[in-house]
Every structure is written in C-alpha cells, then in structure tokens.
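Asker: Before I ask anything, here is the structure I am working with.
The values are calculated or read from the model by the stated rules, or taken from the named source; none is laboratory data. Bear in mind the structure is a predicted one, so any value in this text is a computation, not a measurement. Here the Cβ positions follow ideal geometry from the backbone for every residue, glycine too, while neighbour counts run over all protein chains shown.
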Protein chains: 2
Amino acid sequence: MEAIVLAGGSGTRFWPLSRRRRPKQLLALDSEQSLLRATVSRLAPFIESSSVWVCTTRELAAAVREELPEVPAAQILEEPAGRNTSAAIGWTVQSMPPELRAGAVAVLPADHRIADAEVFRGALEVAEGVCLQSDRVVTLGIAPRWPETGYGYLQLGKVLDTESQLREVVRFTEKPDEATAQRFVESGDYLWNAGIFIFRGQRMLELLGRFQPEIAAGLATVEQEPERLTEIYPQLPSISIDFAVMEKIDDLVTIPIDCGWSDLGSWAALQEVLEGDEAGNVTRGRVLTIDSQDNLIFAEEGSVAAVGVSDMVIVRTGDTVLVVPRRRAQEVRRLVSLLEEQELEELL
Amino acid sequence: MEAIVLAGGSGTRFWPLSRRRRPKQLLALDSEQSLLRATVSRLAPFIESSSVWVCTTRELAAAVREELPEVPAAQILEEPAGRNTSAAIGWTVQSMPPELRAGAVAVLPADHRIADAEVFRGALEVAEGVCLQSDRVVTLGIAPRWPETGYGYLQLGKVLDTESQLREVVRFTEKPDEATAQRFVESGDYLWNAGIFIFRGQRMLELLGRFQPEIAAGLATVEQEPERLTEIYPQLPSISIDFAVMEKIDDLVTIPIDCGWSDLGSWAALQEVLEGDEAGNVTRGRVLTIDSQDNLIFAEEGSVAAVGVSDMVIVRTGDTVLVVPRRRAQEVRRLVSLLEEQELEELL
C-alpha cells in the first residue's frame, strides 16, 4: 500500500508559531515531533517509508525533506502553486508507476493528530482489503463530538462487515450549516469525515476524469510534457477532493475509528487534546502562573508569566506574542490577514 | 533651595520592565524620559542641577549618574543598604554643608509623575518661603480621587494664606484602613500626601533627633567617622519619614496642588494617566490589536498581538511576557515573590 501525505498547507491558525515558511505540519504541537514527522512515523510497520509520497510546495520542500530524510527524494513532489487537494491527489497518484496505481493508496493530511497509531494502522489494513476487493473508496469516520461546520459528515448506511464495522455511506455532506450539523450530530447517524481516504490509485484517476475533467486533462498534459508543469499546474481548478469527488460518488464506504483523532484546527483544539496541570493550564516552555486556570501558554523562547488569567491562549515566540481568549482562538486568522494587509512580512 | 531626590527604591510593581538593576525610577513609563530624569528636569529653572542631591543605593549609583550627568557626582550619595526614607533624608541633609542645611530643602520621590511642572515649581516656591519664615514643615497635598489605603492623608485645618491656599494640617494619618480612607475621602476635609516635603534642613535633623534618636545617633557617628558608614548605616532603624516624623509633628502645613500628580503605583495606575486610542488601548512599541478594548500593552522588544482582549495588562520584554487583568495589576508583586522563591535570578 502507498501513502500520499498532503503537506502543502499554509494554515495560519497557529500563528505566531506557524509562519509561511514553517506552517502547522512542520510544528511540534502535540508531541516532541512535528505533525508531518509523526504522520509518517505512525504508518510503519504497515507502510514503510519507501512507499510514502509527499505532496508539498516548492517553498516548503527543503524543510519537508529535512523532516523526512528516509522518504525517497523523488517521492517528495513540489507543487509550483497550491491548487487544493483534488489536483494534489491526482498529480501524486499519476506520478506513481502503473503497478502502484493499480494498488491501494491512502491519502493522509500531514497536520492531524492521531493518538492511537495501532488502531489507526488496523483500520488502514481493513481499508486496503476493501478497496482492492470492491474498488470502492473508503474513508475513516470519527464519532462527532460537537456540531462542527468545518468538517464533512458521513451519513451511515448498511453494515457491510460486523468485525470492522465497515459501513456504506448514504450521503457525504461537506461543511453543512450550523443547524444541519446540529441535526446530524443529534441523530447519531453521522460520522465526521477525518480527511483520510483509501482507494485504488487508478480508480481515483478515473473519478477525477469523470467529475473534474479539467484537472484530469491538465494532469494528462503534464504527464506527457513534464516540462510544462510550472505553466499548467497553477491553472488547474482549485477544489477540494471532498467537494469534487466524495460528495458525488455513490459507493463510498467508511470505517468508524476511535483513535484519538483531532485535526488540531486551532489553539483551542490543541488545548483540548493536551493534558493540563491541576489548574487546567496546558503549558510549554518556561511558564509561571499564579491564580490562573484553563489557559494554553506556550513559550517558544523566553518565558511567560500569567497572574489571574483564565481561558486564554498566550503564545510567545522570539519575535512576538499572541494573546487571545480560548473561545476566540479561530480569529487568529483575522490577525494574519491584518499582517498581510499591513505588509508586515517578517511576522508572516 | 536644595532638592533631595530619593532614588533608592526597588519597586517590583512594574515587573517585567522593572528589574533589580533597573527599578521603576530608571524606566521611561509615562514619557520618553526616565521618571528620575524627569524628576530632576522639572525642577529647573527653580532649582538647578548644582542644588540637586540624590540618595540611591550602591547597586544603582552608576545608572543614576548616567541618567543625571549634570548633577555633581559628590551629591549622588550611595547607601550601603536601603534603610527607608528617614535614614535616607537624614543622611543626605547631614551631607550638605552647614549653610545649605540652614536653608530650605525639598524631598522628592524619584518615581512619581507630575504633568504640570510649572504649577509644581510654583508650589515649591511658596513652600520655600513658608519654611524659611516659620520653620514649619510643608507637604504638598493632592485632592483624593479614590479611597487609597497606601497613601498618607492630611486633615485640613485653618487657611493660612488665601492666595496659595496654604493650610494647617490637623492630623497626618499614614496608610489608613479602608473604612477610614473611605470616610476621609467622602468628608472632603482631607488631601493625599504626595510624599513631597519641604523643610529647613536643620529642622529635619532636629526632628529626627527627637523622634528617631537611634537614627540621629548613628548618622552623627557616620559624620564623625565617615569610614564607618558601611558598618553603621545598614544597622539604622528602617522607618518611613511619614511614620517617623510626619504623623508626630503638630505644625505641619500643606499646599494643595493640582499638578497632574500620580505615584504610578502599578501598571493600572500608569494606564489611567496615559492617553489611549479610540478603543481605550494604551500601547507602546509594536502592538497589533483586533476587537480589543481598554488594555495597556507594552512591547519593549518584538511585538504583541491581541485579539478579543479587554482590560488586560500585557508587557513584553526581550526575555519574558506578563499577562494580568488590569484590576489585578497590583498582584505582580506576588509574581516577583514567586520568582525570588524559585531563585529565578535572571528574571529579577
């Protein structure tokens, strides 16, 4: 089985730790390892490094290679420009030799947390068998914990295998509105889509050909004339695989998995998965607290002192500090937009 | 008229900006000048630098001399150890030649803010006349703005001069309890003592001889045998001039003065006197705010970004960050105690 690690993201929600040249996947947020490093490490021994493919951007390629010295350099692909997951997945599958395309391929985001690697590898193994036998697309499903509007939802259908709880997906709904998400979660009939897909490589190319002919045609040209990559790739439609393919196919199946998954979508999400001290403070680095509860305090350089502070995110780097209430941690994006507007390049 | 600037304080309430080797009086908090520098500058042209005496500690002497290059080096006295204001005032007066002791002397804290220097100098001039004519001790009085328990209160008596509003002080009460302070403020009959006293030097030495004979005797020995300073001074009783003398004398007079006085007793007090932006944020250095109100944000080095934060004090230095709600800014002292306990010398 081959693995495609999507490592081209430029997420801004972990600013000021995450920067243009050091995006989330390169950060060690929930452990001593970067999220990218952990994503690859947890695949072994089921998928070895020689079967790992990484799709990233030219800007990040050097850093990615440094993080993953054991992955063959030719399997770390550099997008001339980020064009979302459909193009990235299509291009990476197409870059594999035909015999590998014929086999199973797992797509993995490079910036998620998975606490239980053994459970996770077990699910991959089941998924491999499913797509090789039936040629269906498999997605891993997570029991929803709140009515998140940023995820995809899998409506559960018939149980196809009792042991693995493999189930049909009646419908895939990407990013529902809040009322719908609420209804989905309350019904108990839905799982979150974790963004981890398993399919036969050839099948995915066929699906892109059907639902995203423009992407497929562009990639076919690149395959014939590799020197035109820089010209063609940036023109490909930018669309996520969820909207492009997953919402459209009618034979999607899911394996429910309880593996301590989190997409670590914000500082607040990180705080949820890390263990705090007796006052509920999650700290990293040199942090002093007095009478302070339920904070996330990171001191990458220097120290941070908090007195009488609750439910805050405080992050200190060598050059800046962020202070934001936990419940507003998503708004860090607004801050990054402001930095862009004001052209404060050194802080981006 | 001579001026004694008391610059030996080691206040901790402006941590992390204030440190052992850079206490509050050496900081530029309310302007571009250090509080010490501003204290001396605002005396001219009424008191020139040749008439300025500074009492500080050995540890701070070099920094004080650098701040006040125009003050004669011999008039910057170095205490072997801090022994509170009675000893400091007594020793400095005693260090003056007899002809100066016979004249008026003003005692000034080095770490207060006075916005209107002209009004202030006018009051000093009136006070000089009063103590030379009547040999009384004069203190400057401030209309109280809240029931502060950390100050001294002057109960107002008879008006002695209509123009200057010079008044007798019926009683001086240092650091009343909260109920008493409340009563004082509501009555309208009290002023805050600003800690600025004017007296004839010789009179102060006599008062110390009467009320603090141990201090007077120790200082007399030091005068006879200067080489014993390091041995004797650290043994002198440590008591403030307010408790030692001002509460005890019955001929104290006060000049009410409206000069934009603040003792800048905490980060919160500083915020009150500085002008904020339209959202009420007082910022210094490179600060970015989104949806944030009524904060005091200082970036001495690097930058600070706040999103959705209100009524907070955030101070970033090269090595640390403080985050504390405005109303708890006084508790920074607890933090400094914690640093001392944990022997985190580099942060003190």
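Asker: Show the residue pairs that are 6+ apart or on different chains and have beta-carbon atoms under 6 Å apart, the first residue being within region A:214-239 and surrounded by 15 or more Cβ atoms within 10 Å (Cβ to Cβ), the second being of a type in the set (Ser, Thr, Tyr).
Answerer: A:215/A:86; A:232/A:221; A:239/A:86
Asker: Report yes if some residue within region B:323-344 is exposed (fewer than 15 other Cβ atoms within 10 Å of the Cβ), more than 18 Å from residue A:292 (Cβ to Cβ), in contact with an Asp or Glu (Cβ under 6 Å, 6 or more places away or on another chain) and within 14 Å of another protein chain (Cβ to nearest Cβ); otherwise report no.
Answerer: no
Asker: Considering only region B:136-154, state which residues are loosely packed, with under 15 Cβ neighbours inside 10 Å and either at pLDDT below 95 or assigned by TED's automatic domain parsing to the domain that holds residue B:112 (or both).
Answerer: Residues satisfying the conditions are B:145, B:146, B:149, B:150.
Asker: Sticking with this one: What residue, of A:163, A:247, is in the same structural domain as residue A:108 (by TED's automatic domain parsing) and within 16 Å of residue A:84 (Cβ to Cβ)?
Answerer: Selected residue: A:247, the only one of A:163, A:247 that is in the same structural domain as residue A:108 (by TED's automatic domain parsing) and within 16 Å of residue A:84 (Cβ to Cβ).
Asker: Okay, next question. Answer with yes or no whether residue B:337 is part of a strand (DSSP E or B) and either in the same structural domain as residue B:29 (by TED's automatic domain parsing) or on the phi < 0 side of the Ramachandran plot (or both).
Answerer: Taking the combined requirement at face value, the residue does not satisfy it.
Asker: Condition (residue is at pLDDT 95 or above, in a helix (DSSP H, G or I) and within 18 Å of residue A:136 (Cβ to Cβ)) applied to region A:210-223: is it met by at least one residue?
Answerer: Looking for residues that are at pLDDT 95 or above, in a helix (DSSP H, G or I) and within 18 Å of residue A:136 (Cβ to Cβ), one finds at least one in region A:210-223, hence yes.
Asker: On to the next question. Which of the residues that make up region B:93-119 are within 21 Å of the chain's Cα centre (by Cα), farther than 23 Å from residue B:64 by Cα and crowded, with 16+ Cβ neighbours inside 10 Å?
Answerer: B:104
Asker: When the residues of region B:280-301 are narrowed to those that are of a type in the set (Gly, Ala, Ser) and either in a strand (DSSP E or B) or surrounded by fewer than 20 Cβ atoms within 10 Å (Cβ to Cβ) (or both), which ends up nearest to the other protein chains (Cβ to nearest Cβ)?
Answerer: Across region B:280-301, the extreme among qualifying residues is B:299.
Asker: Yes or no: residue B:184 under 25 Å from residue B:111 (Cβ atoms), free of Cβ contacts under 8 Å to residues at least 60 places away in the same chain and crowded, with 21+ Cβ neighbours inside 10 Å?
Answerer: Yes; evaluated as a whole, the condition is true for this residue.
Asker: Please enumerate the residues belonging to region A:311-322 that are under 22 Å from residue A:264 (Cβ atoms) and surrounded by fewer than 21 Cβ atoms within 10 Å (Cβ to Cβ).
Answerer: Once the filter is applied, which keeps residues that are under 22 Å from residue A:264 (Cβ atoms) and surrounded by fewer than 21 Cβ atoms within 10 Å (Cβ to Cβ), region A:311-322 yields A:311, A:317.
Asker: Further question: Scan region B:302-322 for residues that are in contact (Cβ under 8 Å) with a residue 40 or more places away in the chain, touching a helix residue (DSSP H, G or I) at 6+ places or on another chain (Cβ under 8 Å) and either charged (D, E, K, R) or more than 7 Å from every other protein chain (Cβ to nearest Cβ) (or both) and jot them down.
Answerer: B:313, B:315, B:319
Asker: Only one residue in A:62, A:81 is surrounded by fewer than 19 Cβ atoms within 10 Å (Cβ to Cβ) and in contact (Cβ under 8 Å) with a residue 40 or more places away in the chain, so which one is that?
Answerer: Answer to the selection: A:81.
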